[in-house]
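Colleague: Take a look at the following structure, please.
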Amino acid sequence: MRTIQWFPGHMAKARREATEKMNLVDIVLELVDARLPESSRNPMINEIIGNKPRIIVLNKMDMADPAITDFWVKYYQEQGIKAVAIDAQHNKGLNKLQSLCRELMSDYFEKRLAQGVKPRPIRLMILGIPNVGKSTLINRFVGKNQAITGNKPGVTKAQRWLKIGKDFELLDTPGILWPKFEDPEVGLKLAASGAIKDQLLALDDIALYLLGFMKRFYHQALLKRYAITESDLQNLSLSDLLILLTEKNGFGDDYTQMSQRMIYEYRENNLGQMTLDRPIREVTNA
Ligand code: G4P
């Protein structure tokens, strides 16, 4: 497998910008991909967020395995972090997300109301690695009511705030973090989901990873989608299985094309709802 080259300069800049924005907001919405909630978190995220209240938002829940999404939401909650699953593309879970934001700020609201002062809107920002749905969520949240509330004093760079109802303001540009990992499997998951560029890894490595993963956890979906037999699955190595699929799908011996097709189908959710990050102790259903 090829070594992945990262760009420390870009990463340092992204991190600095995210840290600067932190001071402007009340709550950070840490957006992750529900199909790979842990792998799509930046490992430095806790350092960047510090003590700022945060909600882990598992987006693209429509593409993830629902039972495992429930597991991850509970897992974060047990660690004392509020978490919610949403589907930004189809506008699902956004009200729940807003309720969680209000819950996080309830002390502040009570205090202000006790002082007889109208609470100001809660300021939010979205933070996450590429492709987790940051822009989609901003667009959904703001909808047609896009309004800019102007710059805030004391801010060096002009920051634009988008109004969400009367209770919230959202920073119009999300904080972008780069994925960073040492575990090659995390790299494969990020590549399969589209979070890192295809050119960074060989397409057949990604396809072989998906095949092996489906064989282990989504056995039936694999049989159904690609019209292979149980005996093919049990007797062939993963490479031979990829070659068989290549032939069956009319690509001759061009397994790179088949790999591309498989990755595309995964990204388009044609292989079924699958979660690549698994709970630590799990029984294989293969
Ligand atoms: P980013 O800002 O974090 O980089 O992500 P962005 O919003 O651009 O979303 C990346 C892709 O994920 C987009 O698809 C977007 O439509 C899709 N997406 C975002 N949220 C969801 C979700 O909850 N469910 C599903 N199924 N997809 C979601 P794209 O193919 O890159 O573009 P397009 O198809 O929207 O044109």
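Colleague: Let me check I've understood the local charge: for residue 85, count other residues with C-beta under 10 angstrom from its C-beta, Lys and Arg +1, Asp and Glu -1. What total comes out?
Modeller: Details: positive: 60, 92, 96; negative: 62, 70, 87.
Neighbour charge sum, excluding residue 85 itself: 0.
Colleague: Lys and Arg at +1, Asp and Glu at -1: add these up for the other residues within a Cβ distance under 15 Å of residue 242 and post the number. Before the final figure, lay out each step's value.
Modeller: On the way: positive: 215, 225, 248, 261; negative: 204, 205, 232, 240, 247, 253, 254, 265.
My count for the surroundings of residue 242 gives -4.
Colleague: With the chain treated as a Gaussian network of Cα nodes joined by springs under 10 Å, which of 269, 42, 59 yields the largest mean-square fluctuation?
Modeller: Among 269, 42, 59, the largest mean-square fluctuation in the Gaussian network model of the chain belongs to 269.
Colleague: A further question follows. Before I look further, what does region 202-267 give for accessible area per residue, probe 1.4 Å, in whole square angstrom?
Modeller: Accessible area per residue: 49 Å².
Colleague: Continuing with the same structure: Taking a 31 Å limit on the Cα-Cα distance, which of the listed pairs 13/197; 60/118; 118/180; 13/118; 96/215; 166/189 fall beyond it? List each step's numbers first, then the result.
Modeller: Values: 13/197 20 Å; 60/118 35 Å; 118/180 42 Å; 13/118 37 Å; 96/215 35 Å; 166/189 39 Å.
Beyond 31 Å between Cα atoms: 60/118; 118/180; 13/118; 96/215; 166/189.
Colleague: May I pose another question? Please report the net charge: other residues with Cβ closer than 12 Å to the Cβ of residue 64, K and R +1, D and E -1. Present the calculation step by step, with values, prior to reporting the outcome.
Modeller: On the way: positive: 35, 60, 278; negative: 33, 62, 65, 70, 87, 277.
Summing Lys/Arg as +1 and Asp/Glu as -1 gives -3.
Colleague: A further question on this structure: Counting only protein heavy atoms and a 1.4 Å probe, tell me what percentage of the chain's accessible area is made up of carbon and sulfur.
Modeller: On the way: 7230 of 14630 Å².
Of all accessible area on the chain, carbon and sulfur atoms account for 49 percent.
Colleague: Can you work out ³J(HN,Hα) from phi for every residue in region 101-116, in order, using Karplus 6.51 cos²θ - 1.76 cosθ + 1.60 and θ = phi - 60°, giving whole Hz and x for Gly and Pro?
Modeller: 4, 5, 4, 4, 9, 5, 4, 4, 4, 4, 4, 4, 5, 4, 7, x
Colleague: I would also like to ask the following. Obtain the nm distance between the two label points defined at residue 16 and residue 74 by a simple spin-label model: each point lies 7 Å from its Cα along the Cα-to-C-beta direction.
Modeller: 4.4
Colleague: Would you mind telling me which residue in 82, 248, 92 has the biggest mean-square fluctuation in a Gaussian network model of the chain, where springs connect alpha carbons within a distance under 10 angstrom?
Modeller: With Cα springs under 10 Å in the chain, the top fluctuation among 82, 248, 92 is at 248.
Colleague: Between 24, 127, 137, where does the largest GNM mean-square fluctuation fall for the chain, given springs only between Cα atoms within less than 10 Å?
Modeller: Result: 24 has the largest fluctuation of those listed.
Colleague: A follow-up question, please. Please report Rg over Rh for the chain, where both radii come from the alpha carbon positions and Rh follows the Kirkwood definition.
Modeller: Working: Rg = 21.3 Å, Rh = 20.6 Å.
Ratio value, two decimals: 1.03.
Colleague: May I ask which residue of 223, 202, 77 lies farthest towards the positive end of the charge dipole of the chain, with charges of +1 (Lys, Arg) and -1 (Asp, Glu) on Cβ and the Cα centre as origin?
Modeller: It is 77.
Colleague: If the limit is 30 Å between Cα atoms, which of 74/248; 82/134; 52/74 go over it?
Modeller: Working: 74/248 42 Å; 82/134 18 Å; 52/74 21 Å.
Violating the 30 Å limit, Cα to Cα: 74/248.
Colleague: While we're looking at this one, here's another question. Just for the chain, what percent of DSSP beta bridges are antiparallel, to the closest 5?
Modeller: Numbers: 6 of 25 bridges.
The antiparallel fraction comes to roughly 25 percent.
Colleague: What 222 nm value per residue comes from the helices of the chain, counting each DSSP H run with n ≥ 4 as -39,500 (n - 2.57) and dividing by all residues, nearest 500 deg cm²/dmol? Don't jump to the answer; show the numbers that get you there.
Modeller: Values: 12 runs with 125 residues, N = 286.
Per the formula, -13000 deg cm²/dmol.
The values are calculated or read from the model by the stated rules, or taken from the named source; none is laboratory data. Keep in mind it's a predicted model, so treat the numbers as computed, not measured. Neighbour counts run over all protein chains shown; Cβ positions are idealised from the backbone, glycine included. For the accessible areas, the whole protein counts, side chains as well, though only heavy atoms, and no ligand, DNA or RNA atoms are used. Shrake-Rupley method; radii C 1.70, N 1.55, O 1.52, S 1.80 Å.
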